[in-house]
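The block underneath contains the structure these notes are about, expressed in structure tokens.
Just so it is clear, none of the values below were taken in a lab; they were calculated from the coordinates. Keep in mind that this is a model prediction, so the values were computed, not measured. Here Cβ is always computed from backbone atoms with ideal geometry, including for glycine, and neighbour counts include all displayed protein chains.
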Amino acid sequence: MLDLREYSSLGSALRAALERWPDETCLIEAERERENCRLTYRQFKEKALPLTRALQDSGLAAGSRAAIIMTNQSKWLISAYAIFYCGGVLVPLDYKLSAREHVQLLAHSKAEFAIVEYFLWRAIMQAAGFSGLQVKTVLVTEAPANAELNGAKRWEEFRDGREPTFVERQRKDWASIVYSSGTGGRPKGCVMTHENYLEQCIALTSLFPFWPGARYLSILPTNHAIDFMVGFIGPFVCGATVVHLRTLRPEFIRDAFTRYHITYITVVPLILKNLERGLRERFAALPAGKRKVLNGLIAANRAFTRKRPRLWLSRLLLRDVHSAFGGELRAMFVGGAFTEPSTLQLLYDLGIPVGNGYGLTEAGTVITLNDFKPFRADTVGKALPGTEVRIVNPGVDGVGEVAARGKTIMSHYLDDPEMTAATIVDGWLMTGDLGRLEPSGHLQLLGRKKNMIVTEGGKNVYPEDIENAFDSLPIKEFGVFAANYVWPQRTMLGEQLLLVAHVDDASRGGDELRSRIAERNRMLPDFKRISGFLLWTSDFPRTASMKIKREALAEEIRIKTDRSAMLLL
């Protein structure tokens with residue numbers, strides 16, 4: 001791999017990679033049974049540089065902010081490379097957000113350029129606030145020939161054959177502005193520097209290296225902090241191959257493992273749980289004799305790999321299982337939410353190590369990661385090289401707030417010094433998560449301090465962001481909370497959203513209110529739906545600016561009620 005200590009920016013490192021491995025395959029874009037494209041590093045460069053020059057001619061310069069809103073595909077990486085080559089600041093937005101949220105974040109980030117997939121641009125053009133956007137240049141991908149683009153240009157035609165000028169950036173310069181899955185009513189734009197990414201890449205590849213010929217299967221959105229690093233930067237600076245799969249259908253994911261002999265993949269807990277369920281069903285369907293033999297082989301593999309993985313042995317003992325994963329899978333990675341230890345243990349016992357990681361957008365990608373020395377299914381691993389973790393104000397049981405410090409921690413929140421000061425204290429990132437640090441350095445997560453949940457699909461759900469869906473209900477006031485925030489539980493599983501409704505009389509109108517809440521709830525994406533509501537007869541405590549004092553209200557509810565008061569939908 002490249003020695004990233006020699007480079008001052010992502011642009012310079014990626015540029016060197018394209019020169020170092022011109023004939024290696026860097027990118028494969030697959031869609032169901034077919035390949036859309038396959039590019040070597042030389043071909044990637046040939047596609048990126050004309051776009052880069054056209055962007056420079058349109059004014060994209062050092063510090064210019066450029067957003068990308070696209071599904072997984074080659075155009076995403078080509079566009080990102082062009083932005084970094086120009087010295088721009090990348091704003092990767094989640095394509096699954098609503099058009100209203102896209103407009104909000106484009107405005108908040110002050111993006112001057114945007115590269116958007118056509119079906120998303122069509123929705124954005126119809127969203128409230130679109131007419132006030134100050135985006136100077138919009139490139140739209142895959143637009144039909146007769147489509148109305150409202151002044152936007154076609155990505156495929158936006159080219160200039162002249163050589164672009166490479167613009168170098170320094171390690172402390174901004175590389176990107178990254179937003180969480182939700183906007184939380186108060187957009188949290190994490191400003192990440194080139195140093196943040198370079199140092200994170202150095203740490204991760206020291207534990208799990210890439211090399212020419214290694215293949216990473218990318219199924220998470222590239223805007224996701226994990227896949228941006230492990231499915232773009234990491235493989236590219238090592239001469240490896242990224243396989244973009246433009247479908248999440250299980251049968252095509254299974255086919256990709258065997259067709260491309262995948263080395264690594266990152267998934268969210270929901271996908272891992274579905275994989276576990278499928279494996280257990282297949283094992284249960286075996287005849288009794290074969291099932292007994294399989295259980296014996298799994299037990300033998302568990303005994304021989306107790307201290308560390310032995311992939312060659314696991315592939316020998318459990319040949320059929322490993323063949324189904326392509327025969328060359330070295331590890332899976334899981335992050336974005338909490339994963340049940342039983343799921344991790346089953347896969348490890350099959351000889352498929354899962355690197356269970358813990359991190360936040362504010363920390364770049366990962367704070368801790370299981371290094372399999374030894375494997376611990378009940379923890380989220382140890383701090384990455386170069387990162388420190390400590391527990392703030394631990395109780396007698398050693399549980400307190402998890403804090404992290406290192407070169408991968410974001411610079412600040414965009415245009416929000418107040419939130420930055422509350423989140424980064426004396427150089428330590430306050431995560432809002434509760435945990436315990438073992439003498440071995442392994443971190444156990446045990447709950448949350450903050451009013452937010454993380455779904456099994458890796459989505460950050462800010463309750464404030466959901467409240468718009470319940471405006472104009474026939475109640476005095478209301479607020480949405482994470483139930484585990486109101487009634488703290490030492491668990492990272494089973495988190496639910498709760499609507500607290502201020503009513504005159506808790507004994508009247510409950511059924512009608514339930515019906516109205518349920519109707520609004522059905523209009524939300526499944527991962528944003530509330531699980532129940534609480535009837536409350538006291539005024540909400542509020543600040544001078546009339547914002548709900550969420551912590552004070554949660555404390556009052558906690559004192560006067562218990563979780564049984566929550567009326568489930």
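Brief remarks on what is shown
- Ordering 123, 279, 59 by the projection of their Cα atoms onto the charge dipole of the chain, which places +1 on the Cβ of Lys and Arg and -1 on the Cβ of Asp and Glu, puts 279 at the extreme positive end.
- What separates the Cα centres of the stretch 205-283 and the stretch 347-373 is a distance of 14 Å.
- Other-chain or far-sequence residues with amide H under 5 Å of residue 175's (modelled H): 192, 193, 194
- Across the chain, Cα pairs under 8 Å and at least six residues apart give a relative contact order of 11 percent.
- Rounded to whole Hz, the Karplus (6.51, -1.76, 1.60) HN-Hα couplings of the stretch 361-370, x for glycine and proline: 4, 5, 9, x, 9, 10, 9, 10, 7, 6
- When the C-alpha to C-alpha distance is required to be over 22 Å, the pairs from 110/136; 136/407; 75/96 that qualify are 136/407.
- Placing unit charges on the Cβ atoms only, positive for Lys and Arg and negative for Asp and Glu, gives the chain a dipole magnitude near 1500 debye about its Cα centre.
- Based on Cα contacts under 8 Å between residues 6+ apart, the stretch 466-568 shows a relative contact order of 30 percent.
- Bridging of residue 292 to lysines at a Cα separation below 22 Å is possible for none of them, once same-chain residues fewer than 8 apart are set aside.
- Top positive-direction residue, dipole computed over the chain with Cβ charges, set 239, 305, 30: 305
- Here the 3J(HN,Hα) profile of the stretch 271-282, calculated from phi with Karplus coefficients 6.51, -1.76 and 1.60 at θ = phi - 60°, is 5, 5, 5, 5, 5, 4, 4, x, 5, 5, 5, 5 Hz, Gly and Pro shown as x.
- Over 19 Å (Cα to Cα) - which of 188/450; 449/476; 47/153; 450/549 fall in this group: 449/476
- Distance between the 7 Å Cα→Cβ label points at residue 491 and residue 281: 2.5 nm.
- Between residue 419 and residue 292, the FRET efficiency estimated from the beta carbon spacing at R0 = 45 angstrom works out to 0.20.
- In a fully extended conformation the segment linking residue 560 and residue 307 would gain 86.2 nm over its present Cα-Cα distance, using 0.36 nm per residue.
- For the stretch 374-450 versus the stretch 91-135, the inter-centroid distance based on Cα atoms is 33 Å.
- Near the amide H of residue 40, within less than 5 Å, lie the amide hydrogens of 26, all on another chain or at least 5 residues away, with H placed in the peptide plane.
- From phi via Karplus (6.51, -1.76, 1.60), per-residue ³J(HN,Hα) for the stretch 232-248 in Hz, x at Gly/Pro: 8, 4, x, x, 5, 6, 10, x, 8, 10, 9, 9, 7, 10, 8, 7, 10
- Correct option for percent of Cα pairs over 46 Å apart [calculated from the coordinates] among [x] 12; [y] 16; [z] 24: [y]
- The mean sequence distance of close C-alpha pairs (under 8 Å, at least 6 residues apart), as a share of the length of the stretch 4-260, puts its relative contact order at 25 percent.
- Placing pseudo-labels 7 Å out from each Cα toward the beta carbon at residue 407 and residue 316 gives an inter-label distance of 4.1 nm.
- Approximating the spin labels as points 7 Å out from Cα along Cα→Cβ, the residue 119-to-residue 249 distance works out to 1.4 nm.
- Amide H within-cut-off set for residue 331, under 5 Å, with H built and near neighbours excluded: 265
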